[in-house]
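Before I ask anything, here is the structure I am working with.
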Amino acid sequence: MERMELHITGDAAADQLLSDDAFALLTGMLLDQQVTMESAFAGPEKIRARLGSLNPETIAEYDPAGFVEVFKERPAVHRFPGSMAARVQDLAATVHAHWDGDAAAIWTRGNPDGPEVLRRLKALPGFGDQKAKIFLALLGKQCGLQAEGWREAAGHYGEEGSYLSVADIVDPESLVKVRASKQAAKAAAKAAKSAGN
């Protein structure tokens, strides 16, 4: 699978890690909630710098209280260090136990099609339907995933030329467009909610 250089965080070291390490990319996606995309996807590099490793086995077996401290160290990995540190450890344990520590196997082992990759992603801790679809779109649009039917399985996140998620960020301009569409979606959801009351 052809790896592309990812440009998500605006930080060269963090982007390089995301480009080179499948578990880092998966962890960034997991962290992408209630913080900016750049902050979420810069998280794996902070963890790697502080632990000296981003190996799933190392993370899974790390002392949980100590791992929370790794998250709290400034600049913090996430604004909810306790719950997110536990989620990253759950994810690491799953990748270690079920995928032999190789996160890329989730989307490559057995040459799965798009729907199967989506099913595997949704089976991961912390990956609901939307997160799994966005990650599938990211794999297809930027990481060279050739799985048959990945666009359809990713839903509207898989559409060509869309600016809906991290899957569509390739440079500062596309980041601005994605941020605008996310804010518009949030505003629409809020309006629909208040209309329903």
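The values are calculated or read from the model by the stated rules, or taken from the named source; none is laboratory data. This structure is a prediction, so every number in the text was calculated from the model and none was measured. Neighbour counts run over all protein chains shown; Cβ positions are idealised from the backbone, glycine included. Surface areas here come from the heavy atoms of the whole protein model, side chains and all, with no ligands, DNA or RNA. Shrake-Rupley method; radii C 1.70, N 1.55, O 1.52, S 1.80 Å.
Longest exposed-loop-site-free stretch of the chain, with trypsin sites (Lys or Arg not before Pro), DSSP loop and at most 16 other Cβ within 10 Å?
110-197
Any idea what the relative contact order of the range 1-68 is, in percent, if you count C-alpha pairs under 8 Å spaced at least 6 apart? Walk me through the numbers before you get to the answer.
Details: 68 pairs, mean separation 18.1, N = 68.
For the range 1-68, the relative contact order is 27 percent.
OK, next. For the chain, what does the helix formula give at 222 nm: sum of -39500 (n - 2.57) over DSSP H segments with n ≥ 4, over the residue count, nearest 500 deg cm²/dmol?
-18500 deg cm²/dmol
Here's another thing I want to ask about it. Under 10 °C and 1.306 mPa s, how fast does the range 107-197 diffuse according to Stokes-Einstein, given a Kirkwood radius computed over C-alpha pairs? Answer in µm²/s, whole number.
On the way: Rh = 14.0 Å.
Using the Kirkwood radius from Cα pairs, D works out to 114 µm²/s.
Take the alpha carbon gyration tensor of the range 41-87, find the square roots of its eigenvalues, order them as a ≥ b ≥ c, and report rounded if a/c is under 1.5; if not, report prolate when a/b exceeds b/c, else oblate. Could you put the intermediate results ahead of the total?
On the way: a/c = 1.61, a/b = 1.15, b/c = 1.40.
Oblate, since a/c reaches 1.5 and b/c is not below a/b.
Ignoring ligands, DNA and RNA, please state the percent of accessible area on the chain from carbon and sulfur, probe 1.4 Å.
52
Report the full-extension gain for the segment ARG109 to LYS182: residue separation times 0.36 nm, less the Cα-Cα distance, to one decimal in nm.
Roughly 23.0 nm would be gained on extension.
For the chain, report the translational diffusion coefficient in µm²/s to the nearest whole number, using Stokes-Einstein at 4 °C, 1.567 mPa s, and a Kirkwood Rh over Cα pairs.
It comes out at roughly 76 µm²/s.
Next question, about the same structure. Please calculate how many Å² of accessible area the chain carries per residue, with a 1.4 Å probe and no DNA, RNA or ligand atoms counted.
Accessible surface, normalised per residue, equals 49 Å².
For the modelled label position 7 Å from the Cα of ASP20 along Cα-to-Cβ, which residues of the range 83-114 have backbone nitrogen atoms closer than 17 Å?
103-104
Which ³J(HN,Hα) values in Hz, rounded to whole numbers, follow from the phi angles of the range 22-27 under the Karplus curve 6.51 cos²θ - 1.76 cosθ + 1.60, where θ = phi - 60° and Gly and Pro get x?
With coefficients 6.51, -1.76 and 1.60, one gets 4, 5, 4, 5, 4, 5 Hz.
Specify which residue in the list VAL170, SER181, ALA123 is farthest towards the positive end of the charge dipole of the chain, using unit charges on the beta carbon of Lys, Arg (+1) and Asp, Glu (-1), about the Cα centre.
So the residue we want is SER181.
Quick one: net charge around PHE135, please, counting Lys, Arg +1 and Asp, Glu -1 for every other residue with C-beta under 12 Å from its C-beta.
Taking every Cβ under 12 Å from that of PHE135, the sum is +3.
For an R0 of 25 angstrom, estimate the FRET efficiency from the Cβ-Cβ distance between GLU73 and THR36 and round to the nearest 0.05.
Here the calculated transfer efficiency is 0.85.
On to the next question. Mind listing the long-range amide H neighbours of ASP32? Cut-off is under 5 Å, sequence gap 5 or more, other chains count too, H placed in the peptide plane at 1.01 Å from N.
none
Which whole-number percentage describes the relative contact order of the range 45-197, with Cα contacts under 8 Å and a sequence gap of 6 or more?
Relative contact order comes out at 14 percent.
What are the ³J(HN,Hα) values, in whole Hz, obtained from phi via the Karplus relation 6.51 cos²θ - 1.76 cosθ + 1.60 with θ = phi - 60°, for each residue of the range 90-101 in sequence order, with x given for Gly and Pro?
Along the range 90-101, the couplings run 4, 4, 4, 5, 5, 5, 5, 6, 9, 10, 6, x Hz.
How large is ³J(HN,Hα), in whole Hz, for each residue of the range 69-74 in order, when computed from phi with the Karplus curve 6.51 cos²θ - 1.76 cosθ + 1.60 and θ = phi - 60°, using x for Gly and Pro?
Here the 3J(HN,Hα) series is 5, 4, 5, 7, 3, 7 Hz.
Which entries of LYS72/LYS193; LYS141/LYS186; LYS72/LYS177; LYS72/LYS141; LYS141/LYS193 show an alpha-carbon separation above 26 angstrom in the structure shown?
Among LYS72/LYS193; LYS141/LYS186; LYS72/LYS177; LYS72/LYS141; LYS141/LYS193, the Cα-Cα distance tops 26 Å for LYS72/LYS193; LYS72/LYS177; LYS72/LYS141; LYS141/LYS193.
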